[in-house]
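A quick write-up on the structure given underneath.
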Amino acid sequence: MSDDGLLLAFRAGGERFAVPLERVREAARPRRIAPLPGAPPEWSGVALVRGEALGVIDVAAAMGLPRSPAKPAPLVVVLYGTDHALLVDSIDGVETCPADRVAPPPPGRGALRGIVAEESGFLSLLDVDRLAAKGEG
Amino acid sequence: MTRPKRPGDASSGEFLAEAEMLLEEAGCGIDALDAEGDDPRPEKVNALFRTVHSLKGVAGMVGYSGIADAAHALEALLDDLRMGRVPPSPAVRGGVRDGLDALSTLVARVAAGEESPRLETPLKDRLEGLVRPAEPREAASLRLPPELDASLSDYERHRASEAGKRGKALVLVDLDLDFDSFDAGLRNAMNEASAAGELIGTFPGTAADPARMAFRLLVALPPGSDVAALATRCSARDVVGVSAGTAAPEPATEPVRLPATVVAEPAPPEPGPEAAPQVARGVVRVPLEKVAALVDLAGELALARSALGRTLGQALAGAPDRGARFEAQRAFARLDRLVATLGPAALALRLVPVETLTTRLARAFARTAAALGREADFVVQGVETEIDKVLADELGDPLLHILRNALDHGIESPEERAAAGKPRRGRVALTVAPRGREVVLTFSDDGRGVDAAGIVAKARQTGLLGPSDPDPAEPFALLFRAGFSTAREVSEISGRGVGLDVVREKLTALGGRVSVRSVPGSGTTFEVVVPMTLVLLESLVVRVGDVWFALPGENVRRTLQAAEGAIEVIDGRPCFRDGDEALPLARLDALFDLPRRPDAGGAEPVVVTEDGRRAAALVVDAVEGVWDLLVKPLADSVPRPREIAGAAEVPGGEIALALDAGALVARVHSASASGRRA
């Protein structure tokens, strides 16, 4: 499924997700996320990070979990190669993931590259490009 | 420039443009050093060192070894200067100036067509006399933790010992940061440290907890600094003193904890953090940040004025004394006028004549033309047009690119021109003119032009256009597409297309845009449009529920409280009567499918917006104020109604969605025409 690689693991909607570390520009706490009228529910809104206007994808909502409630100083993971950031609950840290532990994603679970079984549940590897593209559709 | 190129090919034009810019920067750098005198701030010396280092690199890459050698010699002198091996004496500064002059001469010789110019007496020999050994360097004995001591660079060691000699106190600021936000925390601490003194170095530390990140900042503080306050501002875990200098009365392993205030021997007075503004011929130079602060204050004042206007109206309504009421209204009207004038006046401080930019362009043009063997004139009109200082600086690169393009691909060789029945000398005209709040720069050449059909054919060949895609309405726009510019051989067909995507990107980032039109055989015209004041857009900010919107001030005709009866229904469409006009009206919440607010009853705020052709009325929940906003565009990939163009931060932290007035007015007209009740 994927090469052994460094991942940034985080939590959203009570579950654990990860994106390839090389796609992460930074973690930031914008002062707020402005809701975007007419956007699909997985889009949390617009945040300004270092003066740049970014579309924020609510990872929980995009993965079929309840939408993240609005809160002050939300935590977002800013991605390279997109104009987007991911809204997450908390960051677990940098983790390695041996390729042989990654299982193909269950069908119908959205933009995932694969999942890794863990002691208590799963770590879902997000497909960053499909996640952003899903929002466009 | 990423790979070696031979002198004399098209890249010499690029080299000249870059070298000229670096030399200009270095010229400013040495002026700055002269102004600093005997104790120059290290960042000034470093900046000059880096500029000369870049020049050496550029010259080396293109193969001008004579220039690279000279730059190397000058770089060595500057290195001695920044490491304290030579004093910043007038003689040394003079030597730096001589070096820069020699480099300018060499670059000019390249421009004149010389293959690989070289100084007759190497610059190294000429500078030799200056590099007399300074007083023997005392080995700095810094009492630092050993692991830190090992990782100090020579330069950092020099700065630390220098600080000790000048009676400053060295401290280590220990940071222990959350992984989530460590970059913000580190940046903040570095800014605070630089503000408090000299930040000499930043080193990784050891965090006790793997989820945290530790850093240590080595900082030199002037005598009397409040260390405790610095620790608080940096959110430091700890700040400990380390001493510098030759005396080391205590064992080196245990750093000494400093009292809250650094006490040190009296030291020579320090120059303030900001050099005094230079006064010359009735001109005051003011740092841009101070202008920005003034502009912000003017915005705040305008807000306070609006708030006062509202309460004053209410307060006066009940006042029995008609004379006093009249006087108060008159005084307020005067205040209103003054405040309204202050904002634009403050903004105008940022403006400079575009001449500062065009002069640079003209010089680069002459050199590029010479390098390419073109005979061409560069004619500029409208040099008095004013433009934001920051824009004038930032526009240099993209505009140079357009000029080089015109010379390289547009203007033909003298022989080719003569054969085509054109004058041997080509011509590129630049016209600069203000248009509303924007400045238009039009570059027209009388070269061979671009063939639209050729561009489309090329785009199909390179896959930019699929086989089933129709011919684009704007074929020239293809020139600015990234894939197009990599097709180098396109210049044989169309004469254009190298790196124009970069030009467009840069201009877009500056809030501008570029377009091109061309007539094959007779020339090409590039039109560059940029905002006059860099992205600061006077905006009316309104609110619907908890969503904030910003409308460009120039698109707002008026805002008012719609009294009962001002909204009529004409032909089943809600309309707002503005004077003689019946304008289509929409509720902004309905337009954007926002949750409908319960009717507050009574008058609601109405904004009459116009796009230059038509007007429409919008009902909002509240008008929050007028600010100069830095509007940032939103990427196309973020799904949203097309009336929302970008976003901007409103003072106070809210984010306003920036509305595109043209799209909005069109939407209200069409929503209204379709009979939808807004």
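The values are calculated or read from the model by the stated rules, or taken from the named source; none is laboratory data. The shown structure was predicted, so the numbers you read here are calculated from the model rather than taken from an experiment. Here Cβ is always computed from backbone atoms with ideal geometry, including for glycine, and neighbour counts include all displayed protein chains.
Just a few scattered comments:
- Flag for B:Ser522 being crowded, with 22+ Cβ neighbours inside 10 Å, in contact with a Gly (Cβ under 9 Å, 6 or more places away or on another chain) and either at pLDDT below 90 or not assigned by TED's automatic domain parsing to the domain that holds B:Asp589 (or both): no
- Restricting region B:351-394 to residues that are hydroxyl-bearing (Ser, Thr, Tyr) and closer than 16 Å to B:Thr442 by Cβ leaves a set whose member that is surrounded by the most Cβ atoms within 10 Å (Cβ to Cβ) is B:Thr358.
- Test result for A:Arg31, facing chain B (nearest Cβ under 8 Å) and modelled with pLDDT under 90: yes
Residue-by-condition table, conditions (1) touching a Phe, Trp or Tyr at 6+ places or on another chain (Cβ under 9 Å); (2) modelled with pLDDT of 85 or more:
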| position | (1), (2) |
| --- | --- |
| A:Arg50 | no, no |
| A:Met63 | yes, yes |
| A:Pro72 | no, no |
| A:Ala85 | no, yes |
| A:Ser124 | yes, yes |
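- Checking each residue in region A:39-52 for being facing another protein chain (nearest Cβ under 8 Å) and in contact with an Asp or Glu (Cβ under 6 Å, 6 or more places away or on another chain) picks out only A:Leu48.
- Counted as qualifying within region B:98-196 are the helices (runs of 4 or more DSSP H) with 1 or more residues that are at pLDDT below 80 and within 14 Å of chain A (Cβ to nearest Cβ), namely B:182-196.
- Odd one out for B:Ala459 among (1) buried (at least 17 other Cβ atoms within 10 Å of the Cβ); (2) in contact with a strand residue (DSSP E or B) (Cβ under 7 Å, 6 or more places away or on another chain); (3) not in a loop (DSSP other than H, G, I, E, B): (2)
- Matching option when the condition is crowded, with 18+ Cβ neighbours inside 10 Å and closer than 20 Å to B:Tyr155 by Cβ, among B:Leu100, B:Leu106, B:Leu81: B:Leu81
- Residue ID - surrounded by the fewest Cβ atoms within 10 Å (Cβ to Cβ), chosen from residues in region B:602-644 that are within 28 Å of the chain's Cα centre (by Cα) and more than 10 Å from every other protein chain (Cβ to nearest Cβ): B:Gly625
- Yes/no for B:Ala324 being among the small types (Gly, Ala, Ser) and outside the structural domain of B:Pro520 (by TED's automatic domain parsing): yes
- Options B:Val450, B:Val390, B:Val428, B:Val439: the member that is of a type in the set (Val, Ile, Thr) and in contact with a Leu (Cβ under 6 Å, 6 or more places away or on another chain): B:Val390
- Conditions (1) in contact with a Leu (Cβ under 6 Å, 6 or more places away or on another chain); (2) part of a helix (DSSP H, G or I); number of the one not met by B:Ala35: (1)
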